[in-house]
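Shown next, in structure tokens, is the structure this report addresses.
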Amino acid sequence: MSEAAAYPSTWRRPPAIERPLLRWGLVAGAVLYLVLAVGSLEVNWLRVYEGLERGWRFVAGFLHPNFTDRWEDIAIGMQESLTMTVTSTAVGILLSIPVGIGAARNLAPAPVYYVCRAFIAVARSFQEIIVAILFVAMVGFGPFAGFLTLSFATIGFMGKLLAEDIEDIDEAQAEAIRATGASWLQLINYGIQPQVMPRLIGLSLYRLDINFRESAVVGIVGAGGIGATLNTALDRYEYDSAAAILILIIVIVMIAEYSSSYLRKFLQ
Amino acid sequence: MLRLQGLTKRYPTGDLALNGVDLEVPAGQVVGLIGPSGAGKSTLIRCINRLVEPTAGSVFLKDEELTRLRGAALRRSRRRMGMIFQEYALVERLTVMENVLSGRLGYVGFWRSYLRRFPPADIARAFGTLDRVGLREFVDKRADALSGGQRQRVGIARALQQEPDLLLVDEPTASLDPKTSRQIMRLLREVCAERSLATIINIHDVALAQMFVQRIVGLRQGVVVYDGAPEGLTPEVLTRIYGEEDWTRSIRRDDDDEASPPVIEEACLEGLT
Amino acid sequence: MSDAALPQWRRRTTRAELGRWFGWLALVALFVFCWEIMTQDTIWAFVTDAPTQGADIVGRMLPPRWSYLNALWGPLWDTLNIATLGTLAAIVLGVPVAFLAARNTTPSVTFIRPLALLLIVASRSINAIIWALLLVSILGPGVLAGIIAIALRSIGFVAKLLYEAIEEIDHSQVEAVLATGASPAQVMDYAIVPQILPAFAGISVFRWDINIRESTVLGLVGAGGIGLQLEASLNVLAWPQVSLILVVILATVVVSEWVSARVRHAVI
Ligand SMILES: Nc1ncnc2c1ncn2[C@@H]1O[C@H](COP(=O)(O)OP(=O)(O)O)[C@@H](O)[C@H]1O
Ligand SMILES: [Mg+2]
């Protein structure tokens with residue numbers, strides 16, 4: 001084609017960020033940050049080198065996990081973890097319902113709304129392990145502190161999601177119920193509950209899963225559960241027992257995920 | 001140019017979508033492939049460029065047998081066949097230019113395409129093709145910012161950018177309004193004539209097909225039941241293809257003149273700028 | 001006409017009703033059972049004393065020791081680095097895993113995909129702090145253990161969400177690029193990557209935000225960051241320092257949440 005020559009023969013894709021100054025500034029900033037961050041790493045390479053041998057033993061432990069030597073401890077730890085998971089999930093969800101309703105702007109009066117939102121914000125901001133430290137200081141060592149921790153975290157988690165769900169509901173349905181002259185409780189029961197219930201069930205199963213994983217964490221600071229057993233095993237460099245515990249956790253989480261996805265289908 | 005011999009496709013589900021189709025399309029001819037939903041029109045087109053593997057039969061493009069090709073040889077043969085889709089199938093988050101240049105992917109190596117450093121001739125050609133389909137101004141727009149008709153024009157430009165010998169067009173107008181549909185069909189017919197491309201167009205709309213194609217092939221349950229001129233589509237033939245129905249109103253009347261609107265073309269270009 | 005003759009309306013059939021009651025009963029029984037086991041060693045005197053203890057701790061915490069803030073900038077910088085470098089490493093390792101796990105991009109559905117899924121579940125089941133516990137035991141305490149711990153936990157997260165996004169892409173765009181004669185690498189670059197890029201950016205920033213929270217506590221097990229100071233302060237019962245650290249953690253979390261929301265808003 002002769003007229004092809006009339007068309008430009010170069011083309012550059014327009015950059016994602018149009019202002020060159022901003023674009024290069026961001027790139028330079030990122031590079032500078034990386035250089036500083038990596039530069040400030042203080043790594044004891046000798047210690048790491050020595051660690052490689054232990055790392056290798058851990059990998060080997062994963063291939064030959066040792067369930068028998070510490071079986072007593074593992075069984076007690078698992079029992080504590082599982083029971084605290086179940087109880088804290090149940091209590092946490094029950095308590096999260098009033099908190100969630102209180103934190104929904106379209107249902108709660110302003111003072112209640114702010115109190116509930118503040119509570120949720122605090123409960124969500126702190127890691128379970130920090131909360132566990134405080135509860136251990138209050139009620140002593142043992143799974144009860146873990147139970148309180150997980151319940152507290154569950155309220156924050158479920159309360160927030162529940163409140164958002166309620167705020168997102170179809171106003172028309174709630175209006176229709178209100179128009180029949182229903183009381184506030186009837187409104188919740190007929191106008192709100194049917195709309196948020198399916199997701200609430202799904203989230204509860206998800207939280208059950210999270211609580212089990214977290215139950216392995218709180219044991220590190222003495223709040224009961226499998227974490228304490230794991231901590232002991234690692235302190236003694238018993239990597240084959242540690243690997244056994246980790247494998248158990250993974251298997252239980254897998255079973256939980258599998259059965260909860262099955263249960264969700266079944267309940268719908 | 002294109003020759004199909006006993007082309008047969010049975011899906012793993014058991015559906016026999018094509019049953020021994022023989023078809024020959026010479027260069028420069030536009031064939032309209034009509035038939036009810038599920039007749040196997042899309043399957044036929046996809047068996048040609050092997051997006052679907054045919055179960056039996058063969059496809060020849062300029063005497064090269066395509067059904068045996070693998071890997072790089074298959075890719076080389078694919079770049080000779082441009083494909084245009086019903087839902088446009090543009091890569092939504094890329095610019096119009098990148099979508100058009102993707103028609104050259106079979107010709108350039110990975111790093112060139114990754115760095116978007118296509119050969120100057122390809123870029124000039126892309127600008128030319130975009131000009132041809134009336135989208136010169138839209139080079140740096142993202143594909144998802146375009147209207148349906150504009151997107152289909154980009155789809156056409158992408159196919160033309162391949163410099164194909166054959167165009168495979170799957171329901172190009174099914175998602176467009178009647179006026180845009182005609183513009184797109186007209187554009188297709190023109191570019192096929194300009195480049196003497198063999199073309200197969202799957203199409204639902206019988207009247208539209210009659211208006212713009214030179215030859216009609218009717219498919220029913222994977223079998224060719226009509227092959228001839230658009231004028232030959234009598235109610236009996238349509239009944240053979242689609243089944244019993246009152247056909248008198250959907251056949252193009254002789255006074256329904258297609259040559260009317262160069263006006264539309266101008267109007268559309270105005271609308272674009 | 002007597003009441004009995006009127007048709008009775010029930011929401012559920014008798015059988016479904018029974019099933020529901022039985023389901024709830026089983027849940028309550030499970031809860032009671034778990035509760036009994038969990039609390040068998042609980043010393044209730046401590047629990048009833050908890051409010052007093054809590055009030056006492058809060059009393060000691062207030063006011064926070066603001067002057068201690070100057071000792072926290074270094075650990076805060078480490079915390080930021082642990083989260084950021086750990087997230088980067090997780091992205092680098094998690095992206096290939098995602099492509100191996102996605103049904104439409106995996107080289108082998110029967111062999112490689114299950115392996116990738118197992119990797120994802122294993123990584124997700126174990127919390128960052130447990131990975132940290134393990135790595136500190138292997139590599140010795142320090143920031144490096146923290147970075148690797150964050151990375152190990154995040155690989156599964158990034159890979160899971162990303163492979164779900166990959167499985168949801170529009171296949172016709174892939175076919176269109178394939179039909180031009182593009183090679184597999186080019187199909188990846190032109191058809192798949194553009195479609196998952198927004199999800200990818202969202203996932204990365206989301207995980208970075210979570211990792212900031214998690215890296216604040218890794219120090220409790222010796223893996224660097226501000227948690228080290230928390231651990232040290234707790235060990236000497238320096239409650240005013242603990243409360244200051246908690247405030248700093250809260251502020252960090254709020255800032256990172258804000259940053260991540262801004263970035264996600266900008267890319268999507
Ligand atoms: N991917 C597939 N898997 C199984 N069966 C298919 C698939 N695609 C199409 N079919 C079946 O093949 C037949 C022809 O389909 P298609 O070629 O899409 O027809 P048309 O494009 O004419 O509507 C239909 O019966 C359809 O159900
Ligand atoms: Mg079709």
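Numbers for the structure displayed
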read-out: Pair list, Cβ < 6 Å and 6+ apart or interchain, from the range B:96-112 residues that are at pLDDT 90 or above to residues that are of a type in the set (D, E, K, R); value: B:Val96/B:Lys141; B:Asn99/B:Arg158; B:Val100/B:Arg158; B:Gly103/B:Arg158; B:Arg104/B:Asp122; B:Gly106/B:Arg75; B:Gly106/B:Arg79
read-out: Condition check for C:Glu231: open to solvent by 50 Å² or more (accessible area, probe 1.4 Å) and of a type in the set (Asp, Glu); value: yes
read-out: Residue identified as open to solvent by 10 Å² or more (accessible area, probe 1.4 Å) and within 16 Å of ligand 2 (Cβ to nearest atom) among B:Arg182, B:Arg186, B:Arg220, B:Arg195; value: B:Arg220
read-out: Selection count, the range B:67-87, where residues are within 16 Å of ligand 2 (Cβ to nearest atom), more than 7 Å from every other protein chain (Cβ to nearest Cβ) and surrounded by 24 or more Cβ atoms within 10 Å (Cβ to Cβ); value: 1
read-out: Test for A:Glu214: is it within 9 Å of chain C (Cβ to nearest Cβ), crowded, with 24+ Cβ neighbours inside 10 Å and either part of a helix (DSSP H, G or I) or not acidic (Asp, Glu) (or both); value: yes
read-out: Selection status of B:Ala17, buried (at least 22 other Cβ atoms within 10 Å of the Cβ), part of a strand (DSSP E or B) and more than 10 Å from every other protein chain (Cβ to nearest Cβ); value: yes
read-out: Matching residues, the range B:156-171, being away from ligand 2 (no atom under 16 Å from the Cβ) and not hydrophobic (A, V, I, L, M, F, W, C); value: B:Arg158, B:Gln161, B:Gln162, B:Glu163, B:Pro164, B:Asp165
read-out: B:Ser175, sole failed condition from (1) open to solvent by 10 Å² or more (accessible area, probe 1.4 Å); (2) of a type outside the set (Lys, Arg); (3) more than 19 Å from the chain's Cα centre (by Cα); (4) at pLDDT below 85; value: (3)
read-out: C:Val174 being within 26 Å of B:Ser77 (Cβ to Cβ), within 14 Å of chain B (Cβ to nearest Cβ) and touching a residue at least 12 places away in the same chain (Cβ under 8 Å); value: yes
read-out: Cβ-Cβ under 6 Å pairs, at least 6 apart or on other chains, the range B:194-221 side farther than 23 Å from B:Asp165 by Cα, far side among the charged types (D, E, K, R) and within 12 Å of ligand 1 (Cβ to nearest atom); value: B:Leu219/B:Lys41
read-out: Filter pass, C:Pro7 being in contact with a helix residue (DSSP H, G or I) (Cβ under 7 Å, 6 or more places away or on another chain), modelled with pLDDT under 85, outside any helix (DSSP H, G or I) and not small (Gly, Ala, Ser); value: no
read-out: Count of the range B:30-48 residues which are more than 8 Å from ligand 1 (Cβ to nearest atom) and modelled with pLDDT under 90; value: 0
read-out: Unmet criterion (only one of (1) surrounded by fewer than 16 Cβ atoms within 10 Å (Cβ to Cβ); (2) within 28 Å of C:Leu27 (Cβ to Cβ)) for A:Glu175; value: (2)
read-out: Residues located in the range B:20-44, provided they are within 9 Å of ligand 2 (Cβ to nearest atom) and either within 14 Å of chain C (Cβ to nearest Cβ) or in a strand (DSSP E or B) (or both); value: B:Ser42, B:Thr43
read-out: Lone qualifier among C:Ala83, C:Ala50 - being of a type in the set (A, V, I, L, M), surrounded by fewer than 20 Cβ atoms within 10 Å (Cβ to Cβ), assigned to a helix (DSSP H, G or I) and within 14 Å of chain A (Cβ to nearest Cβ); value: C:Ala50
read-out: All positions within the range A:225-238 that are in contact (Cβ under 8 Å) with a residue 40 or more places away in the chain and facing chain C (nearest Cβ under 8 Å); value: A:Gly227, A:Leu230, A:Tyr237
read-out: Matching residues, the range A:34-49, being over 11 Å from C:Leu85 (Cβ atoms) and either touching a residue at least 12 places away in the same chain (Cβ under 8 Å) or within 8 Å of chain C (Cβ to nearest Cβ) (or both); value: A:Glu42, A:Val43, A:Asn44, A:Arg47, A:Val48
read-out: Every residue from the range B:120-145 that is without any contact (Cβ under 8 Å) to a residue 12 or more places away in the chain and either open to solvent by 20 Å² or more (accessible area, probe 1.4 Å) or part of a loop (DSSP other than H, G, I, E, B) (or both); value: B:Pro120, B:Ala121, B:Asp131, B:Arg136, B:Ala145
read-out: Residue among B:Ser102, B:Ser58 that alone is touching an Asp or Glu at 6+ places or on another chain (Cβ under 7 Å), among the polar types (S, T, N, Q) and more than 13 Å from ligand 1 (Cβ to nearest atom); value: B:Ser58
read-out: Residue satisfying condition, being open to solvent by 40 Å² or more (accessible area, probe 1.4 Å), under 19 Å from the mean Cα position of the chain (by Cα) and aromatic (Phe, Trp, Tyr), within set A:Phe147, A:Phe119; value: A:Phe119
read-out: Of residues in the range C:86-112 being in a helix (DSSP H, G or I) and among the β-branched types (Val, Ile, Thr), the one surrounded by the most Cβ atoms within 10 Å (Cβ to Cβ); value: C:Thr87
read-out: Residue in the range B:88-97 that is outside any strand (DSSP E or B), open to solvent by 10 Å² or more (accessible area, probe 1.4 Å) and within 16 Å of ligand 1 (Cβ to nearest atom) present; value: no
read-out: Answer residue from the range C:247-268, given it is among the hydrophobic types (A, V, I, L, M, F, W, C) and touching a residue at least 12 places away in the same chain (Cβ under 8 Å) and is farthest from C:Leu69 (Cα to Cα) among those; value: C:Ile268
read-out: Filtered residue count, the range C:214-223, keeping only those that are facing chain A (nearest Cβ under 9 Å) and within 20 Å of A:Glu42 (Cα to Cα); value: 4
read-out: Number of positions in the range A:1-25 that are surrounded by 11 or more Cβ atoms within 10 Å (Cβ to Cβ) and either charged (D, E, K, R) or at pLDDT below 90 (or both); value: 10
read-out: Considering residues of the range C:194-212 that are within 27 Å of A:Ala37 (Cβ to Cβ) and open to solvent by 30 Å² or more (accessible area, probe 1.4 Å) only, the residue nearest to the other protein chains (Cβ to nearest Cβ); value: C:Leu197
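The values are calculated or read from the model by the stated rules, or taken from the named source; none is laboratory data. Computed from a predicted model, the values in this text were never measured in an experiment. Using ideal geometry, Cβ is built from the backbone for each residue, glycine included, and neighbour counts are taken over all protein chains shown. Calculation scope for accessible area: heavy atoms of the full protein, side chains included, ligands and nucleic acids excluded. Shrake-Rupley method; radii C 1.70, N 1.55, O 1.52, S 1.80 Å.
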